[in-house]
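Here is the structure we will look at, set down as structure tokens.
The values are calculated or read from the model by the stated rules, or taken from the named source; none is laboratory data. From a predicted model like this one, the values you see are computed outputs, not experimental measurements. Positions of Cβ are backbone-derived with ideal geometry, glycine not excepted, and every protein chain shown enters the neighbour counts.
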Amino acid sequence: MAAIPILIDTDPGVDDAVAILVALASPELDVRAITAVAGNVPLDDTAHNARKVCELAGRLDVAVHAGCRKPLLRSQIFGKYASGGGLAGDTLPAPAMPLRPQHAVDVLVSELGRAARGEAEKITVCTLGPLTNLAVALAHSPSIVRGIEKIVVMGGAFAALGNRSIAAEFNMLADPHAARIVLASGAPIVLVPLDLTFQALATPPRLAAIRSLGNRVGEMVFKLLTYVDRSDVERFGMAGGPLHDPTVIGLLLRPDLYRGRPAFVDVECDSPLTLGHAVVDWEGRMGKVPNAMVMTDIDSDGFFVLLKERLGRF
Ligand code: RIB
Ligand code: CA
């Protein structure tokens, strides 16, 4: 079977890094480009970190492009671990591979545009950070929506508490207006919220299993995942830190491990108290057509088996 063409829009970020590694280890996926966006850390760092991760994977051929430096309207926020540069200080060496000159938004417009015109296969867009790049691309060229196979978005929190504010998940909070544009775009969307990622916990035994792979990638992933503080564990009483972004890639590889259902979703863009909160209308009470498949459950043991097996391929 032909590999699924994907674009990864990302703000690495430790869990973004693991997601990229799993994607690059998977022959079922054809990573056409990695587009960086400001999020966990400023844009220069996310673009730098994306190349560090490609080099760790031995994939200097992957095109990495820098995108938007700021969110559309709101004041900029960064992630909790911004002080470590997003990837645990100098755990990974500085990259030698160059950043490609084309802007990430131009890459999204041209790649999705070719697919929209029927000149190439439709593309699955994986968004692992704030949705600024994709929203700008859709505003620039709305017709590119026809080139999108689906958008798999890590973002939102419904029954779960928010992680960056009481009411909001970080990727939605960092650029709620962009999230609203993407959700309203008409593209097929699969949403992977905190409610699901809070089930994918990097517990000490699971981290030890990754380290026991004995390869450099396993060792580095162990270091990255143990560098961050365990505040999620402290705040939410979990057995380990949640691994958010790799669940997006896992969904493409093993959809049988996931469960979800369609619903209408929108994001709060006005209230300072609940800015970035993702509202899901499970019962259709708003009378809106569902705009997303909202994933609710993951077989976390199966997911970590997949993760370890893919990281073991390096
Ligand atoms: O809320 C989780 C998201 O924000 C993930 O994409 C992770 O990288 C974090 O910063
Ligand atoms: Ca991310």
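Structure notes:
- Some residue of the range 170-183 being surrounded by fewer than 21 Cβ atoms within 10 Å (Cβ to Cβ), assigned to a loop (DSSP other than H, G, I, E, B) and not basic (Lys, Arg): no
- Qualifying residues in the range 21-37 (those that are outside any loop (DSSP other than H, G, I, E, B) and under 19 Å from residue 102 (Cβ atoms)) - the one farthest from ligand 2 (Cβ to nearest atom): 30
- Within the range 2-20, the residues that satisfy the criterion of being within 16 Å of ligand 2 (Cβ to nearest atom) and farther than 15 Å from residue 46 by Cα are 6, 7.
- Qualifying residue in the range 169-179 (condition: within 14 Å of ligand 2 (Cβ to nearest atom), of a type in the set (A, V, I, L, M, F, W, C), within 15 Å of residue 243 (Cα to Cα) and under 17 Å from the mean Cα position of the chain (by Cα)): yes
- Among the residues making up the range 136-161, a single one is farther than 19 Å from residue 175 by Cβ and out of contact with any helix residue (DSSP H, G or I) (no Cβ under 9 Å at 6 or more places or on another chain): 150.
- Any hit, the range 205-213, residues being over 27 Å from residue 257 (Cβ atoms) and either modelled with pLDDT of 95 or more or more than 16 Å from ligand 2 (Cβ to nearest atom) (or both): no
- Which listed residue, of 233, 217, 289, 267, is touching a residue at least 60 places away in the same chain (Cβ under 8 Å), β-branched (Val, Ile, Thr), more than 16 Å from ligand 2 (Cβ to nearest atom) and farther than 23 Å from residue 28 by Cβ: 267
- Of all residues in the range 233-279, exactly one satisfies the criterion of being farther than 17 Å from residue 164 by Cβ, acidic (Asp, Glu) and either within 15 Å of ligand 1 (Cβ to nearest atom) or surrounded by 16 or more Cβ atoms within 10 Å (Cβ to Cβ) (or both), namely 266.
- Residues that are polar (S, T, N, Q) and touching a residue at least 40 places away in the same chain (Cβ under 8 Å), drawn from the range 111-142: 124, 127, 132, 133
- Hits in the range 73-86 - residues which are touching a residue at least 12 places away in the same chain (Cβ under 8 Å) and over 14 Å from residue 38 (Cα atoms): 84
- Residue tally, condition at pLDDT 95 or above and either among the hydroxyl-bearing types (Ser, Thr, Tyr) or more than 27 Å from residue 85 (Cβ to Cβ) (or both), over the range 215-234: 0
- Residue check, residue 187 surrounded by fewer than 23 Cβ atoms within 10 Å (Cβ to Cβ), assigned to a loop (DSSP other than H, G, I, E, B), small (Gly, Ala, Ser) and more than 16 Å from ligand 2 (Cβ to nearest atom): yes
- Filter result for residue 43 (within 24 Å of residue 155 (Cβ to Cβ) and surrounded by fewer than 22 Cβ atoms within 10 Å (Cβ to Cβ)): yes
- Output for the range 47-83, where each listed residue is over 27 Å from residue 180 (Cα atoms) and away from ligand 1 (no atom under 16 Å from the Cβ): 51, 54, 55, 56, 57, 58, 59, 60, 61, 62, 63
- All positions within the range 26-46 that are under 23 Å from residue 252 (Cα atoms), under 16 Å from the mean Cα position of the chain (by Cα) and either charged (D, E, K, R) or away from ligand 1 (no atom under 13 Å from the Cβ) (or both): 29, 31, 32, 33, 34, 35
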